[in-house]
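These notes concern the structure reproduced below.
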Amino acid sequence: MAFMLAARQEIVPALWLDLKGNITVAGRPVTPRITPGANRFRGQDGVTYNFSGQHGGVLFDDLPALKLTGSMTVSTWIYPRSYVNDGPGAQILFRGDDRCGYDTYWMVVEGDGTINFAVGNERDQQMKVKAELPLNRWTHITATFDVKTGELAMWFGDERVAYAHTSRRPFANLDPKQAPGVGIGNVQNNLGPHNQPFNGMLADLRLYPAVLTPEEAGFNGRPRVENP
């Protein structure tokens, strides 16, 4: 058991915006586009990203390490100020292109006051889990997809708040002519037809190519209290 835990702790995030201000993909530094409406600041506990809810995001090319088709874990602290200001949802993490639908995985705050984690297949069929999300406070979210069992699950802190099972699996190849990529705080392309901006803050966002527990994925029980 100790050997298995040690091995799991060595899993390198496919994407990580760490508290020191580093941004890495598969362990290598990258420089995303941070578009107007998004910015970052350094608080007492580290670097936090702030989003206006009107425009802006942290945008990445569709790098090979982000084309996850198997198990995955998303882990992040978020502080939402509203549910949706513009568009059908407020994206926390999104991989897709400029087509309507045909997205592969995403975490989004909806207008009904829930946060949703979903995967989608090449037939534009999706499955999601969701839970009610409080405003104006820091919440740690962990969401997982297990490709072997088809289980989707979500935790607030160390409490599991939602789960479901699906036969749908995320797919690798988006349309290269439709600006494929990954967005944090919005969709992947600030020059495209879609705008789904998050209004709030997030910190220590991680995407792992494996199923991890909240503790293994970065949750330590300490709430964040920084404000820009």
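When you go through (1) in contact (Cβ under 8 Å) with a residue 24 or more places away in the chain; (2) over 17 Å from the mean Cα position of the chain (by Cα) one by one for residue 10, which number turns out not to apply?
(1)
Of the conditions (1) open to solvent by 10 Å² or more (accessible area, probe 1.4 Å); (2) over 16 Å from the mean Cα position of the chain (by Cα); (3) over 15 Å from residue 53 (Cα atoms), residue 81 clears all except one; give me its number.
With respect to (1) open to solvent by 10 Å² or more (accessible area, probe 1.4 Å); (2) over 16 Å from the mean Cα position of the chain (by Cα); (3) over 15 Å from residue 53 (Cα atoms), residue 81 is out only on (3).
Might you let me know whether the range 176-187 holds any residue that is under 30 Å from residue 46 (Cα atoms), surrounded by fewer than 22 Cβ atoms within 10 Å (Cβ to Cβ) and among the charged types (D, E, K, R)?
For the range 176-187, residues under 30 Å from residue 46 (Cα atoms), surrounded by fewer than 22 Cβ atoms within 10 Å (Cβ to Cβ) and among the charged types (D, E, K, R): absent.
Residues of the range 211-228 being surrounded by 19 or more Cβ atoms within 10 Å (Cβ to Cβ) and at pLDDT 95 or above, which ones?
The answer is 211, 212, 214, 217.
Sort out which residues of the range 140-153 are in contact with a Leu (Cβ under 9 Å, 6 or more places away or on another chain) and either free of Cβ contacts under 8 Å to residues at least 12 places away in the same chain or open to solvent by 10 Å² or more (accessible area, probe 1.4 Å) (or both), and write them in order of number. Spell out the reasoning first.
First pass over the range 140-153, keeping only residues in contact with a Leu (Cβ under 9 Å, 6 or more places away or on another chain): 141-146.
Within the range 140-153, 146 is the sole residue that qualifies.
When you look at residue 11, is it surrounded by 22 or more Cβ atoms within 10 Å (Cβ to Cβ), over 13 Å from residue 188 (Cα atoms) and not charged (D, E, K, R), yes or no? Walk me through how you get there before you give the answer.
Working: surrounded by 22 or more Cβ atoms within 10 Å (Cβ to Cβ): no; over 13 Å from residue 188 (Cα atoms): yes; not charged (D, E, K, R): yes.
No, not satisfied.
When you scan the range 67-76, do you find a residue that is of a type in the set (Ser, Thr, Tyr), at pLDDT 95 or above, surrounded by fewer than 22 Cβ atoms within 10 Å (Cβ to Cβ) and farther than 12 Å from residue 185 by Cα, even just one?
Our first condition is that a residue be of a type in the set (Ser, Thr, Tyr); within the range 67-76, this holds for 69, 71, 73, 75-76.
Filter once more, keeping what is at pLDDT 95 or above: 69, 71, 73, 75-76.
From the residues that got through so far, the ones that are surrounded by fewer than 22 Cβ atoms within 10 Å (Cβ to Cβ) too are 69, 71.
Remaining after also requiring farther than 12 Å from residue 185 by Cα: 69, 71.
Yes: the range 67-76 contains one or more residues that are of a type in the set (Ser, Thr, Tyr), at pLDDT 95 or above, surrounded by fewer than 22 Cβ atoms within 10 Å (Cβ to Cβ) and farther than 12 Å from residue 185 by Cα.
Please count how many residues of the range 27-46 are touching a Leu at 6+ places or on another chain (Cβ under 7 Å), open to solvent by less than 30 Å² (accessible area, probe 1.4 Å) and at pLDDT 95 or above. Give the derivation first.
Taking the range 27-46 first, the residues touching a Leu at 6+ places or on another chain (Cβ under 7 Å) are 32-33, 35, 45-46.
From the residues that got through so far, the ones that are open to solvent by less than 30 Å² (accessible area, probe 1.4 Å) too are 32, 35, 46.
If we keep only those that are at pLDDT 95 or above too, we end up with 32, 35.
Total satisfying the criteria: 2.
Test residue 192 against the stated conditions and say whether it is within 19 Å of residue 108 (Cα to Cα), open to solvent by 10 Å² or more (accessible area, probe 1.4 Å) and not in a strand (DSSP E or B).
Numbers: within 19 Å of residue 108 (Cα to Cα): yes; open to solvent by 10 Å² or more (accessible area, probe 1.4 Å): yes; not in a strand (DSSP E or B): yes.
Yes: the conditions hold for residue 192.
Taking residue 24 as the residue in question, decide whether it is within 22 Å of residue 147 (Cβ to Cβ), open to solvent by 20 Å² or more (accessible area, probe 1.4 Å) and either among the charged types (D, E, K, R) or modelled with pLDDT of 95 or more (or both).
Numbers: within 22 Å of residue 147 (Cβ to Cβ): no; open to solvent by 20 Å² or more (accessible area, probe 1.4 Å): yes; either among the charged types (D, E, K, R) or modelled with pLDDT of 95 or more (or both): yes.
For residue 24, the condition - within 22 Å of residue 147 (Cβ to Cβ), open to solvent by 20 Å² or more (accessible area, probe 1.4 Å) and either among the charged types (D, E, K, R) or modelled with pLDDT of 95 or more (or both) - is not met.
The values are calculated or read from the model by the stated rules, or taken from the named source; none is laboratory data. Source: prediction; values computed, not measured. When we count neighbours, we look across all protein chains shown, and the Cβ atoms used for this are built from the backbone with ideal geometry, even at glycine. Keep in mind that these areas ignore ligands, DNA and RNA; they rest on the heavy atoms of the full protein, side chains included. Shrake-Rupley method; radii C 1.70, N 1.55, O 1.52, S 1.80 Å.
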